[in-house]
Amino acid sequence: MELLKTDGVSKVFGGLKAVSNFDIEINEGELIGLIGPNGAGKTTAFNLLTGVYQPTTGTIDFAGKSLVGLKPYQITSRGIARTFQNIRLFSELTVLDNVKIAYDSHAKYSLVESVLRLGRYFKEEDEITKKSLELLKIFKLEDKAYEVAKNLPYGAQRRLEIARALATKPKLLLLDEPAAGMNPQETQELMEMIRWIRKEFGLSILLIEHDMSLVMGICERIYVLEYGCIIASGTPEEIQKNPEVIKAYLGGEV
Amino acid sequence: MDFFEQLIQQLINGISLGSIYALIALGYTMVYGIIKLINFAHGDIYMVGAYVGFYAVTMTKMSIIPALIISMVVTGLLGILVEKIAYKPLRKAPRISLLITAIGVSFFLEYTSMYFVSPTPRTFPNVIDSLSLNIGSFVINGQQLLIFIITVILMVLLTYIVQKTKMGKAMRAVSFDTETAQLMGINADRVISFTFGIGSALAAAGGVLVGVYYNSIDPLMGIMPGLKAFVAAVLGGIGSIPGAMTGGIVLGVIEALVSGFISSTFRDAAAFAILILVLLFKPSGIFGKNTNEKV
């Protein structure tokens, strides 16, 4: 069943078209790759899907409803979460608080209930803490729960960012270069983790990545972006043989 | 009264005055922490709070605590309204535009208040029995006791809200990174409005307590305490809540000591001398962190 569909999406900054006719479809449970050279517009595409930017033209439908005009927090509550190319944790907060903040968007207690310390406040806070610790355990971060996030090693910060995104209870997870800065062993572990996340959480995943072994190894379908336009889409095998893609990456005549 | 006794008495007076600076400074520091705006209209919000408290006491004959609560609620709503009308449309504008707007809002509040309540100072009714606590030769009067108690309660409550509630966690998240916070499902507009509301409510409490302490209020009463509370926020480390609390108390104590041992005419100069010294030697303040800016 179709989860996300974009139609004729473009984004113009001044006179520059950062994204043009960005058309993709993602079905429930799919693991999709979005690749392209530096500056192709991949992160801009993510920013359009998450409401950071509003499209200049085109439509974005998620679970049958339009996302155009919604603010980022509203899109998150609809079920889209993301990580960032450059890690953007709440660095001065604890690892646990980073995850709890994401879970808090689902908490129902009011400020008055929390100040007066009524029953629902304790019940929900305990539940959020419990769920957050469970999530940290999955990502092998439970022993670091009360450490300040900026003190974590790089790989652990990456895992925390994914854990935090999952705490918003998404249907679609957008991963922006999750393997950036990782060594081959960490990349291999990440690949397994992404597969496991999809299966365990029943998510669709859209992945931007420069590491071709990772993309080709886990994605079912791949979209290729160049100069803001989708130039090819298909299975990893089809993409590897596509002359347009080879030209975009190698820059020569085929 | 020997030197030591006078010192203790001035410390008591200073903590009392500093508590009020701290309440006002919290509004500056919280708003700065969230949207990097020095809200120079904040002193006038404090003035409005004093007037709301004054009318609550004089017109309805209510006691000080209900009047304080009403003042905090009304002024909190005013703070939210000011943010919505004056600051929200300029959120993506250059910082200088916001600063100029804040000064404009300040004048608007001052002169609108003058129009409606007249420029004449009002005498705040005596709402506390003239009880005083005598510890040896030191005197803590009823007003000072009230200021201590109310300030401690409000600061504990604020710390609890910021540290233990989802709104508090959202405030901290937005202050670190607004865009990321929104992508975690946080409504940043609501958080910013709430921050203005809380900051304004605390300033209102300060305004009512000043009315009780000095028995006099007027439409321009917010100018000097507003500036001094800004000094307190910078001294403590702008953006830091413990910093605002500490900065307020430290500034109040320094002012009281200068008044008591040098000259009361030099009191205001001392406050601004502190600002200059802090900016020269520790611009990040007591609790602030030095940040490197990439150029």
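The values are calculated or read from the model by the stated rules, or taken from the named source; none is laboratory data. Remember, predicted model here, so these are calculated numbers, not experimental data. Methodologically, a virtual Cβ is constructed for each residue, glycine included, from the backbone with ideal geometry; neighbour enumeration extends over all protein chains shown. Just the protein is used for accessible areas: all its heavy atoms, side chains included, with ligands, DNA and RNA removed. Shrake-Rupley method; radii C 1.70, N 1.55, O 1.52, S 1.80 Å.
Give the accessible surface of chain B per residue, rounded to a whole number of Å², with probe radius 1.4 Å and ligands, DNA and RNA excluded.
44 Å²
So, for the stretch A:89-167, what is the accessible surface per residue at a probe of 1.4 Å, expressed in square angstrom?
Using a 1.4 Å probe on heavy atoms only, each residue of the stretch A:89-167 averages 46 Å².
Do you know which residues of the stretch B:154-173 lose at least 20 square angstrom of accessible area in the protein assembly compared with their chain on its own, with a 1.4 angstrom probe?
The answer is B:Leu157, B:Tyr160, B:Ile161, B:Lys164, B:Thr165, B:Lys166, B:Lys169, B:Arg172, B:Ala173.
Grab the other residues whose beta carbon is less than 9 angstrom from that of A:Lys42, score K and R as +1, D and E as -1, and report the net. Intermediate values should be presented prior to the final figure.
Working: positive: none; negative: A:Asp176, A:Glu177.
Neighbourhood net charge equals -2.
So who's got an amide H within less than 5 Å of the one on A:Leu34, skipping anything under 5 residues away but keeping other chains? H placed 1.01 Å off N, in plane.
Excluding prolines and chain starts, which carry no amide H, the hits are A:Leu207, A:Ile208, A:Glu209, A:Tyr223.
What do you reckon, how do B:Asp177, A:Asp23 stack up by accessible area (1.4 Å probe), largest on top?
Highest to lowest solvent-accessible surface, that is A:Asp23, B:Asp177.
Would the stretch B:83-211 count as rounded, prolate or oblate if I go by the C-alpha gyration tensor, calling it rounded below 1.5 in a/c and otherwise prolate when a/b exceeds b/c, oblate otherwise?
Working: a/c = 3.42, a/b = 1.44, b/c = 2.37.
Oblate.
Looking only at A:Val215, A:Val148, A:Val112, which one moves most when chain A is put into a Gaussian network model with springs between Cα atoms under 10 Å?
The residue with the greatest mean-square fluctuation here is A:Val112.
Over 22 Å between Cα atoms: which of A:Lys42/B:Lys92; A:Lys100/A:Lys171; A:Lys150/B:Lys169; A:Lys140/B:Lys169 fall into that group?
With Cα atoms farther than 22 Å apart: A:Lys42/B:Lys92; A:Lys140/B:Lys169.
Each label point is 7 Å from the Cα along the Cα-to-Cβ direction; what then is the distance between the points at A:Gln74 and B:Ile65, in nm?
According to this spin-label approximation, the distance is 4.3 nm.
Of the heavy-atom accessible surface of the stretch A:89-167 (probe 1.4 angstrom), what whole percent is carbon and sulfur?
About 55 percent, which is the carbon plus sulfur part of the accessible surface.
What distance in nm separates the two pseudo spin-label positions at A:Val115 and B:Ile103, each 7 Å out from Cα along the beta-carbon direction?
According to this spin-label approximation, the distance is 3.5 nm.
With a 1.4 Å probe and all protein chains in place, put A:Val99, B:Val74 in order of accessible area, largest first.
Most to least solvent-accessible, the answer reads B:Val74, A:Val99.
How much solvent-accessible surface does A:Thr235 expose, in Å² to the nearest 10, with a 1.4 Å probe and all protein chains in place?
Around 50 Å² of this residue is reachable by solvent.
What shape does the stretch A:67-113 take by its C-alpha gyration tensor, where a ≥ b ≥ c are the square roots of the eigenvalues and a/c under 1.5 counts as rounded, a/b above b/c as prolate, and the rest as oblate?
oblate
List, in order, the whole-Hz ³J(HN,Hα) value for each residue of the stretch B:154-171 obtained from phi through the Karplus relation with A = 6.51, B = -1.76, C = 1.60 and θ = phi - 60°; use x for Gly and Pro.
Whole-Hz 3J(HN,Hα) from phi for the stretch B:154-171: 5, 5, 5, 4, 4, 4, 4, 4, 5, 8, 10, 10, 5, 5, x, 5, 5, 4.
May I ask you to evaluate 6.51 cos²θ - 1.76 cosθ + 1.60, the Karplus curve with θ = phi - 60°, for each residue of the stretch A:140-148 and list the ³J(HN,Hα) values in order in whole Hz, giving x for glycine and proline?
Running phi through 6.51 cos²θ - 1.76 cosθ + 1.60 with θ = phi - 60° gives 6, 10, 4, 6, 9, 3, 9, 8, 6 Hz.
State, in square angstrom and to the nearest 100, the accessible area buried between chains B and A, both chains counted, probe radius 1.4 Å.
2500 Å²
Of A:Gly228, A:Gly14, A:Gly41, which has the largest mean-square fluctuation in a 10 Å C-alpha GNM of chain A?
Residue with maximal mean-square fluctuation among A:Gly228, A:Gly14, A:Gly41: A:Gly14.
Let me check I've understood the local charge: for A:Ile60, count other residues with C-beta under 13 angstrom from its C-beta, Lys and Arg +1, Asp and Glu -1. What total comes out?
-1
State to the nearest 20 debye the size of the charge dipole of the stretch B:15-279 about its Cα centre, where the only charges are +1 on K and R beta carbons and -1 on D and E beta carbons.
Dipole of the stretch B:15-279, to the nearest 20 debye: 620 debye.
Taking springs between alpha-carbon atoms closer than 10 angstrom, which of A:Leu93, A:Leu174, A:Leu133 fluctuates most in the Gaussian network model of chain A?
A:Leu93
Hey, can you grab everything whose amide H is under 5 Å from the amide H of A:Arg82? Only 5+ residues off in sequence or another chain; H modelled, so Pro and N-termini drop out.
Amide H neighbours of A:Arg82, under 5 Å, 5+ apart: A:Leu174.
Go through the stretch B:37-50 residue by residue and turn each phi into a ³J(HN,Hα) via Karplus (6.51, -1.76, 1.60, θ = phi - 60°); whole Hz please, and just put x for glycine and proline.
So the J values, rounded to whole Hz, are 10, 8, 7, 6, 8, 5, x, 7, 5, 4, 5, 4, x, 4.
Can you give me the relative contact order of chain A as a percent, contacts being Cα pairs under 8 Å and 6 or more apart?
Reported as a whole number, the value is 27 percent.
So how much accessible area does A:Asp104 have, in Å² to the nearest 10, using a 1.4 Å probe?
Taking all protein chains as shown, A:Asp104 has close to 10 Å².
So which residues in the stretch A:101-145 end up with at least 20 square angstrom less accessible surface once the other protein chains are there, compared with the chain by itself, probe 1.4 angstrom?
Residues of the stretch A:101-145 that lose at least 20 Å² of accessible area once the other chains are added: A:Ile101, A:Asp104, A:Ser105, A:Tyr109, A:Leu111, A:Ser114, A:Val115, A:Arg117, A:Tyr121.
Hey, if we sort A:Asp61, B:Asp44 by accessible area with the 1.4 Å probe, largest down, what's the order?
I get A:Asp61, B:Asp44, largest accessible area first.
Leaving ligands, DNA and RNA out of it, report the carbon-plus-sulfur percent of the accessible area of the stretch B:1-98 at a 1.4 Å probe.
74 percent
Is it possible to state the helix-based mean residue ellipticity at 222 nm for the protein assembly as shown, with each DSSP H run of 4+ residues giving -39500 (n - 2.57), the sum divided by total residues, to the nearest 500 deg cm²/dmol? What is it?
My calculation for the protein assembly as shown gives -18500 deg cm²/dmol from helical runs alone.
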